[in-house]
Amino acid sequence: MSTLPQKESRMTTACPGSDSIQGLPGNKGDGLERECSRKPDQKPLKFYGVGDPTAMFCSSSPYLSSRGSVIKWFWDSAEEGYMTYHMDEYDEDKNPSGIINLGTSENKLCFDLLSRRLSQSDMLQVEPSLLQYPDWRGHLFLREEVARFLSFYCRSPAPLKPENVVVLNGSASLFSALATVLCEAEEAFLIPAPYYGAITQHVYLYGNVRLVYVYLDSEVTGLETRPFQLTVEKLEMALQGANSEGVKVKGLILINPQNPLGDVYSPAELQEYLEFAKRHELHVMVDEVYMLSVFEESVGYRSVLSLERLPDPQRTHVMWATSKDFGMSGLRFGTLYTENQDVATAVTSLCRYHGLSGLTQYQMAQLLRDRDWINQVYLPENHARLKAAHTYVSEDLRALGIPFVSRGAGFFIWVDLRKYLPEATFEEEVLLWRRFLENKVLLSFGKAFECKEPGWFRLVFSDKTHRLRLGMQRVRQVLEGQPQVAEDAPPCQIQEPRGPHK
Amino acid sequence: MRDQALRYRSIHTQLMEMVLALRQTVEDHITQLTTRPQEQDPGLEEQRHGQAIREQEALLGRLLFQIISFLPAGAPGNQSFQPPCTSTDSRGDAGGGQPVQTSRQTGQMFYQESDFENTIISYDLSNRGIDISALYHLSFRDYNTYQGNKYHKDKNTLGYINLGTSENKLCTDLLAERLNQSDMTYIDEDLLQYTDWRGQPFLRKEVARFLTFYCKTPEFLDPENVVILNGRSAVFSALAMVLCDPGEAFLVPTPSYGGFAFSTHLYAKVKLVPVHLESQVTEASGYPFQLTVDKLEQALLGAKIEGKKVRGLVLINPQNPLGDVYSQDSMMEYLEFAKKYNLHVIVDEMYMLSVFDEAITFHSVLSMKSLPDPNKTHVIWGTSKDFCISGFRFGALYTHNREVASAMSSFGYLHSISGIAQYKLRQLLQDREWIDNVYLPSYHFRLQEAHRYVTHKLKALKVPFLNRGSGLYVWINLKQYLDPCTFEEELLLHHRFLDHKLILSPGKTFMCKEPGWFRLIFAVRPHLLRSAMRRFQQVLVEQEQEHRVKQLEDAMKEEVSTSQPETPASPVLRKS
């Protein structure tokens, strides 16, 4: 993993931009930005990249097929940090010097609430019919409950229909199935980057589908109002770029609220992206797996299902799961909502491979039905805890003078550690990541999200206070021992465009 | 034959849709051709215009192709079928000289790519998406019909009884009771979070222990060699991916569980090369449908001649649908064969605890002292059949090959099981006392009873069958009810069962070479089995009556044709 591939990101020269950076939230630095944006940047900007998941692959196995060798290599390489963590997990009593995981996006704040709810007597029923082969689309009682649940929480203008719901064992499976039924092998989906990197494998493993990255920039230019903002112009350029290379793009993946940015699209933005997709006859997969994890009320999140009129309802497919919003990544429940019956049926055809236990389906239906508990107990408490943890970490970062991006949704903060890289390379990024790991704290580095700028890290804050404290302490230790490129620079200052370093 | 009528209607509708789509495209195409490119930026416009025309032409071609290839698949009459059966069965060639009554041809039962590819149209799906939908639709049509109208002894006595799906319904009461016990309801933080994608370590450990005990392995099995996914199909699908590249193949002795064809095709695009077994007993084979190394070699050679690359051999033991249990010696021969030709062997032991005849000893491949090629031997087991919990979605792979195990682990994300379900499975598998003293004795007793009842009925009806002591099914021979003995007639008989609200699986879905075989599942509760067998008998009686009438008619016709030169058009004879 040390030599990170550049070949996968084909460079395209663009109009000169500027390297500016948004500092702390609320701290605009307007004057500086404007000044900076007048300075022409000689460095060519990358608009898009065509992903090649196998770019780094080298050794094949005599026992495996060629694709099997690649698949094995995925397992061996991608799990590096996770494996190290699993061999030396932090435990307050048993292994206090073990690794703290601020890398995996899991909500560990509400286990007490969940375990109490899941232990209630209504959860324990075992009907013989739950032990038998199900309707592969998901038990009807669950699909009905999902439709009601999404109608309510997505505030859909009309009640959603159970026949448009397909239930599977997690959104990973859903990506796999959708990629397979919407694309031929080697075709592609557009995805704004940085993005939740695991999708690369989800669509590649079975589907052999590629991702075309729509690169977003940390600096705010033109009509943009925030860092890493997605615009239709960027989508258009990436699509054109992919087409010019002969890559056939079949769809667009949107994650809303976004992972790792914590960004939330406004209804107007959503509408624009959907119109863009419609113009080019692209499917849109909207992954709303964090829709109930918007802990900042002022954010005003809107599900795509709440739009009065979808530009192309037959090509709009919505994904949701309980792994994030209900802190149950181990429960393996995900769902698709689509009005397109061909797509629903095709995905169902693959559900034989992505089914979930009838007992789990029963429990999910019970959980989603309990609106009182969700509204009065779970959500308020979950949001309060997320907000407290977020406040703690963001204050810590401010004290350290570290810029970051965060808008009050999700479990993570997108942290700008560029000034701690002696050189703006992905090699240096990995070295810094290793230093964190050596100091027993696991973070995720930006390259894993296909961020085009080295030096960004995702820091997950949805963990218990004592772990979070210790984790942040370890982060601080590493950064304090790390020479800064611009040591005397105030946190939100504009860095010089990446030129020669000292 | 309402089903048949419905099917015709759906074919008709699809054809109409195709023609309408074609017309629209032709119109668009003409418009495009007659429109002049606009003035501004003529070069670019020209280029776009040209591209649009080419795209439309491609679409036209595709639509036409769809319609053309749809016609022989969907329309009655043009289907070429396998030759009539050649078995020594007394009725085998009874209909040999008769023209096939093509007008009674219905849909397709067994999937060959050309059959289903074009029966669904969608502009939103990829070609493989269409292919997947169509295959699913065809394979699960009966199952879905059943789901929509299930038999219930009080509420829906006219509903379907399903003796087609290999699902164990004999002991759901015992399982529901066990799963309701208090030790099952534990919840831990780890169970709700991401875990080891190969399966929770506690469950892999328990599976290793369980298999060590029930497979009687010479040494303790290693939990690191266990990969857990959500069901046998998932294990098989992932194995096909990591062992074969698209278009490569596995050898599989047939008749064989049809789900394999499904699992290898849908995602992995791996082919199956059938090793056709015969009901006829010859010098080389001691019993019907016996698998011999000779047959394996022939099939392998045949595949090579056709340019297919065979990567492995799939063995089901106890066999589905035959119910055969391979002896240790035979198994060793098959494994040696595989080693000789450098093939992987996937041994599916899904029914290993469903051997109910005490006289039969099942030997797991894991019990062998030394495997010829341990790095290429992969064993599959799950709880769906042996523990009546097909709805639980649990399948396990045991392989000594760490590379295969690692590659399989990558699929953990896509085939994962809920932590809560994994916990329950562990509790279940570790309760050896309950399994040995309560569950297995009752389960085997119920299987014996059901098997005895069904075989007794079959004997009374003079229906030949393979009398084996394992599995949830009997493989029965209904050739005598087919006239002529063709797959077409097999399908018609299958539809006659459906008309009587009874689902059986016809031999063609198992890639059986000889028409007339059916698999009948007996692992259902006694009252259901009794009703099912009544329906079964009724169908056979009807079928026989129809045959008699037909034979009589044929005899008459013959009489007429031989007597025709002398007395043309005798009204009396015509009347009969």
Residues of segment B:356-366 being surrounded by 16 or more Cβ atoms within 10 Å (Cβ to Cβ) and of a type in the set (G, A, S), in sequence order, are B:S364
Note on A:P96: of the conditions (1) at the interface with chain B (Cβ under 9 Å from one of its Cβ atoms); (2) without any contact (Cβ under 8 Å) to a residue 40 or more places away in the chain, unmet is (1)
Residues located in segment B:244-276, provided they are open to solvent by 10 Å² or more (accessible area, probe 1.4 Å), away from chain A (no Cβ under 12 Å) and assigned to a helix (DSSP H, G or I) = B:A261
Taking segment B:420-454 and keeping residues at the interface with chain A (Cβ under 10 Å from one of its Cβ atoms) and of a type in the set (V, I, T) leaves B:I420
Top-ranked residue in segment A:173-187 [being among the aliphatic types (A, V, I, L, M) and open to solvent by less than 10 Å² (accessible area, probe 1.4 Å); ranked as farthest from A:H354 (Cα to Cα)] = A:L182
Among A:A242, A:A238, A:A172, A:A177, which is touching a Gly at 6+ places or on another chain (Cβ under 9 Å), assigned to a helix (DSSP H, G or I), at pLDDT 95 or above and more than 12 Å from every other protein chain (Cβ to nearest Cβ)?
-> A:A238
Looking at segment B:102-138, which of the residues that are outside any loop (DSSP other than H, G, I, E, B) and open to solvent by 40 Å² or more (accessible area, probe 1.4 Å) is modelled with the highest pLDDT?
-> B:N127
For segment A:249-262, indicate whether the set of residues that are more than 30 Å from A:N375 (Cα to Cα), touching a strand residue (DSSP E or B) at 6+ places or on another chain (Cβ under 9 Å), open to solvent by 20 Å² or more (accessible area, probe 1.4 Å) and assigned to a strand (DSSP E or B) is non-empty.
-> yes
Among the residues of segment A:195-221, write down those that are at pLDDT 95 or above, out of contact with any Pro (no Cβ under 8 Å at 6 or more places or on another chain) and open to solvent by 20 Å² or more (accessible area, probe 1.4 Å).
-> A:N208
In the set A:L130, A:L118, the lone residue that is more than 29 Å from the chain's Cα centre (by Cα) and facing chain B (nearest Cβ under 8 Å) is A:L130
Mind checking which residues of segment B:171-217 are part of a loop (DSSP other than H, G, I, E, B), in contact with an Asp or Glu (Cβ under 9 Å, 6 or more places away or on another chain) and away from chain A (no Cβ under 11 Å)?
-> B:C215
Name every residue in segment B:160-179 that is more than 23 Å from the chain's Cα centre (by Cα) and either small (G, A, S) or at pLDDT below 90 (or both), in order of residue number.
-> B:A176
Is it true that A:E224 is among the acidic types (D, E), within 12 Å of chain B (Cβ to nearest Cβ) and open to solvent by 10 Å² or more (accessible area, probe 1.4 Å)?
-> no
Pick from segment B:404-419, criterion over 26 Å from B:I187 (Cα atoms) and within 7 Å of chain A (Cβ to nearest Cβ), ranking: most open to solvent (accessible area, probe 1.4 Å) = B:S406
Qualifying position, being in contact (Cβ under 8 Å) with a residue 40 or more places away in the chain, within 14 Å of chain B (Cβ to nearest Cβ) and within 23 Å of the chain's Cα centre (by Cα), among A:A321, A:A346, A:A277 = A:A321
Taking into account only those residues within segment B:461-495 that are of a type in the set (K, R) and in contact (Cβ under 8 Å) with a residue 60 or more places away in the chain, which is most open to solvent (accessible area, probe 1.4 Å)?
-> B:R468
Quick check, is A:G358 touching a Pro at 6+ places or on another chain (Cβ under 7 Å), within 14 Å of another protein chain (Cβ to nearest Cβ), crowded, with 22+ Cβ neighbours inside 10 Å and closer than 21 Å to A:S323 by Cβ?
-> yes
Output the residues belonging to segment A:324-339 that are more than 10 Å from every other protein chain (Cβ to nearest Cβ) and open to solvent by less than 10 Å² (accessible area, probe 1.4 Å).
-> A:D325, A:G334, A:T335, A:L336
Report the residue count in segment A:191-206 for those that are within 18 Å of A:H283 (Cβ to Cβ), more than 8 Å from chain B (Cβ to nearest Cβ) and outside any helix (DSSP H, G or I).
-> 3
When you look at B:A238, is it of a type outside the set (S, T, N, Q), crowded, with 23+ Cβ neighbours inside 10 Å, in contact with a strand residue (DSSP E or B) (Cβ under 7 Å, 6 or more places away or on another chain) and facing another protein chain (nearest Cβ under 8 Å), yes or no?
-> no
Which of the residues that make up segment A:414-436 are in contact with a strand residue (DSSP E or B) (Cβ under 9 Å, 6 or more places away or on another chain) and either surrounded by 20 or more Cβ atoms within 10 Å (Cβ to Cβ) or not in a helix (DSSP H, G or I) (or both)?
-> A:W414, A:V415, A:D416, A:L417, A:R418, A:F426, A:E429, A:L432, A:W433, A:F436
Subset of segment A:140-162 [open to solvent by 10 Å² or more (accessible area, probe 1.4 Å) and within 13 Å of chain B (Cβ to nearest Cβ)] = A:L140
Name the residue, out of B:T145, B:T165, that is part of a loop (DSSP other than H, G, I, E, B) and at negative phi.
-> B:T165
Looking at segment B:394-403, is at least one residue among the aromatic types (F, W, Y), within 14 Å of chain A (Cβ to nearest Cβ) and in contact (Cβ under 8 Å) with a residue 60 or more places away in the chain?
-> yes
Is there a residue in segment B:311-325 that is open to solvent by 40 Å² or more (accessible area, probe 1.4 Å) and either in contact (Cβ under 8 Å) with a residue 12 or more places away in the chain or part of a loop (DSSP other than H, G, I, E, B) (or both)?
-> no
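The values are calculated or read from the model by the stated rules, or taken from the named source; none is laboratory data. Keep in mind that this is a model prediction, so the values were computed, not measured. Positions of Cβ are backbone-derived with ideal geometry, glycine not excepted, and every protein chain shown enters the neighbour counts. Accessible surface areas use protein heavy atoms only, side chains included; no ligands, DNA or RNA. Shrake-Rupley method; radii C 1.70, N 1.55, O 1.52, S 1.80 Å.
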